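Below: the structure, in structure tokens.
The values are calculated or read from the model by the stated rules, or taken from the named source; none is laboratory data. Note that the structure is a prediction, hence the values are computed from the model and not measured. So basically every Cβ, Gly included, is an ideal-geometry build from the backbone, and we count neighbours across all protein chains shown.
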Amino acid sequence: MNGDEGQVRETTGERTSGPPPGPVTPSTSQRVLPTSTAGVVLIATAVLLAVVAVVAAQVWQVGQPPLPGRIENSPLTGFIAGPLELLAALAALGTVGSLLAAAWGYRRPARGQAWKLTDREYAVLGQARRWALLWAISAIVLIPVNAADTNGVPLGYLAGSLGDFLASTQTSQAWLLTAAVALAVALGCWLSTTWRWTIGMVVLAVLASLPTVVTAQVSVGAGHDLATDGAIFFTLAVTLWFGAVWATPATARSIGAAAAQRRTLRIGAVAVGVAIIARLGIGAFEMAGQSLLDWGYGIGLIASMIILVLLAVRLVLRWRRVSGSSAAVDGRLLIGNAVDLSLVVVFLGVQTALLRLVPPRFLVRQTPTENYLGYNLPDPPRVTEALLPGRPNLLLLITSATMIGLYLWGVLRLHRNGDRWPISRTICWIVGWLLVVILIGSRMWTYSSATFSWHMVVHMTLNMGAPALLVLGGPLTLVLRTTQRHGAGAAVGLHDVVSTVLNWRLVQFLLHPILVWVFFVGSLYVLYFSPLFGIAMRYHWAHQLMAVHFLIIGYLFYWLVIGVDRPPRSLPHIAKLGYIFAAMPFHAFFAVAVLSGGAIIGENFYVSLDLPWLTDLAAQQRAGGQVTWATGEIPLFIVIIALVAQWFAQDQREARRKDRAADSGHDDSLAAYNEMLAALAARDRAQQDQERTRVDHDRASGGGAS
């Protein structure tokens, strides 16, 4: 690829490796998740231990004094909810693991052939479909059971008023969302015919594990903002790690035992550190300074940490042996994988048991501000202190550091291969993420959750400022140039995922310029001029989702306009200019509406915070409207300047290309012009010949008549 053009093409900057010898694709009659008798016994024993842990936790909790407001709590509800939650967790593991087995075990088709699924993938997807259906059924049953358990009432209380309980219980709403996603995954497994859909379902199934986690125990009490972010990283890490362990035997049948184990170990090597650190942080939050040994909850935390450490030790031992592993799926692989999977099942049992126990954090009194935000704000914000360190947004802070680190690693790898990468792109990428770090690591983020003016400073900059720099970094181009495109018959890799997903019709539809424009402009109106804003601000996870949404939709909009990576649907420069001008009035109208609006946006939420210094909500909204005006229009003008500069640079490159072609005697434009003149001359000669023939014929006819 020409480094100046920065277009994402599958044939650019890639190293092609030939297809390695591998096993023949098995038919549907073969077992897609092979194991041994000893392995079955180990896993069955682990399931039994997990159930015992859940029941024992519920028995222990029944003997404890009930929480205030839960006097009518029925122990039977807890004994029903616990096993159902464990069943849902195991079904989620089976779904993600089976989908990973289908995705990882796929071999790249020959050039020109469609990425159709083979019999092996269909068989594995059939297993994923059954697990997803079990997951969905468990979640559906848990909707009313969880509503009764969370509110501390018998199941009979829900008769005729399930809607009211569901509307007031976010954990039940999370199970409803989980059930819907699990059903969608099951339907996708049934309808899928291509590898692209398998990749999409993997992402969907992994994300479906988050709703019930971020609305559980980590969402309550002082510090729940940090605990919720930690729970997000923890859940993503263990979901991918445990799913990879599940998928190893099936993947090994397709790409070989050594290759399958290496993929699992790479994920495990990253996930184990994230999981242990996050679990320690979440545990410290939940214990609220109490002794671990004095609480049943603390005993459960110790058990979960022991299992994680054992899995980490197993990971190190297998890492040392994998280099000498054979390509065949042998008994040693099956037994080793069964041991790991058994530890995973027991860990899920302990985690489910912890949901049956009341953590010490629940007994600590909290202020209204801590209830909503996770921290107190005794003093009003000051503009002079806006850039000082504040309450960090852990999710975006770690994400920013990871994105910078991965990008620099890619640039270094490219340079080691003797390739060149423009320094300007690296600077834009780093500065863009540093801007995010400044926003979410300073007091601007601290007060953005409590004041509308600072909220608009942070979120409009995430939407309008940082993405304009990030798209100039060309991350997709860097990924394609630093990864290999394997030959036909080889196992798929990251290069295949990126290039294939970009050509997926679903992605092309989602990235259609009109759809992106509607989301970019319409999100502001839908969020802030509806009750959605006030509802979302009450929950840390929803506030984070809002921030991530603005960052992503801003990135997509600017990608279509000034992005270095070529999008699935490219626009000519004149259309890009109109694209920006079409968005500018709507941002101005939104700012004016905020400034002049009579109703206070999110009034009930801000009143609920009960902050003594937050009294003039109308002034806050006017300040937020002014911020919206500045942060909405100024970045768009800067983007217009960047677009015109790109337009001019492209014209200059085209002019230089034509000059080089003319100097070498291969001027395309001159050749085209000469061809046009030749065609016109040939047409004139043809017309003259026709005219001459007609005249000769008229003369001959006249002479015969006389």
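For the reader, a short list of remarks on this structure follows.
- Residues within the stretch 157-173 that are closer than 20 Å to N73 by Cβ and either touching a strand residue (DSSP E or B) at 6+ places or on another chain (Cβ under 7 Å) or assigned to a helix (DSSP H, G or I) (or both), tallied: 9
- Residue check for T198: in contact (Cβ under 8 Å) with a residue 12 or more places away in the chain, of a type outside the set (F, W, Y) and in contact with a Lys or Arg (Cβ under 7 Å, 6 or more places away or on another chain): no
- Here the helices (runs of 4 or more DSSP H) wholly within the stretch 240-355 that include at least 2 residues being under 29 Å from the mean Cα position of the chain (by Cα), farther than 23 Å from A216 by Cβ and among the β-branched types (V, I, T) are 257-287, 296-321.
- Listed by first and then second residue, the pairs linking a residue in the stretch 465-490 that is at positive phi to a residue that is small (G, A, S) and surrounded by fewer than 24 Cβ atoms within 10 Å (Cβ to Cβ), with Cβ atoms under 6 Å apart and 6 or more places separating them unless they lie on different chains, are G474/G6.
- Restricting attention to the stretch 479-507, the residues that are outside any loop (DSSP other than H, G, I, E, B) and of a type outside the set (K, R) add up to 16.
- Apart from one condition, G22 fits all of (1) at pLDDT 85 or above; (2) closer than 29 Å to S499 by Cβ; the exception is (1).
- Any chance I232 is within 15 Å of the chain's Cα centre (by Cα), at pLDDT 95 or above and part of a helix (DSSP H, G or I): yes
- Among the residues making up the stretch 576-622, those that are of a type in the set (F, W, Y) and out of contact with any Gly (no Cβ under 7 Å at 6 or more places or on another chain) are Y579, F581, F586, F589, F590, Y606, W613.
- Residue among A588, A642, A618 that is touching an Asp or Glu at 6+ places or on another chain (Cβ under 8 Å) and either within 23 Å of A466 (Cβ to Cβ) or surrounded by fewer than 14 Cβ atoms within 10 Å (Cβ to Cβ) (or both): A588
- Selection count where residues are more than 13 Å from G374 (Cβ to Cβ), surrounded by 20 or more Cβ atoms within 10 Å (Cβ to Cβ) and not hydroxyl-bearing (S, T, Y), scope the stretch 211-225: 3
- Restricting the stretch 559-575 to residues that are within 27 Å of the chain's Cα centre (by Cα) and farther than 20 Å from L506 by Cα, the residue that is surrounded by the fewest Cβ atoms within 10 Å (Cβ to Cβ): I562
- Pick from the stretch 362-389, criterion under 30 Å from the mean Cα position of the chain (by Cα) and within 26 Å of Q217 (Cα to Cα), ranking: surrounded by the fewest Cβ atoms within 10 Å (Cβ to Cβ): N371
- W559 vs. criteria closer than 17 Å to A642 by Cβ and of a type outside the set (A, V, I, L, M): yes
- Single residue of Y528, Y579, Y555 found to be of a type outside the set (D, E), within 28 Å of the chain's Cα centre (by Cα) and over 30 Å from G230 (Cβ atoms): Y579
- Residues of the stretch 153-210 classified as within 16 Å of the chain's Cα centre (by Cα), hydroxyl-bearing (S, T, Y) and over 22 Å from F233 (Cβ atoms), total: 1
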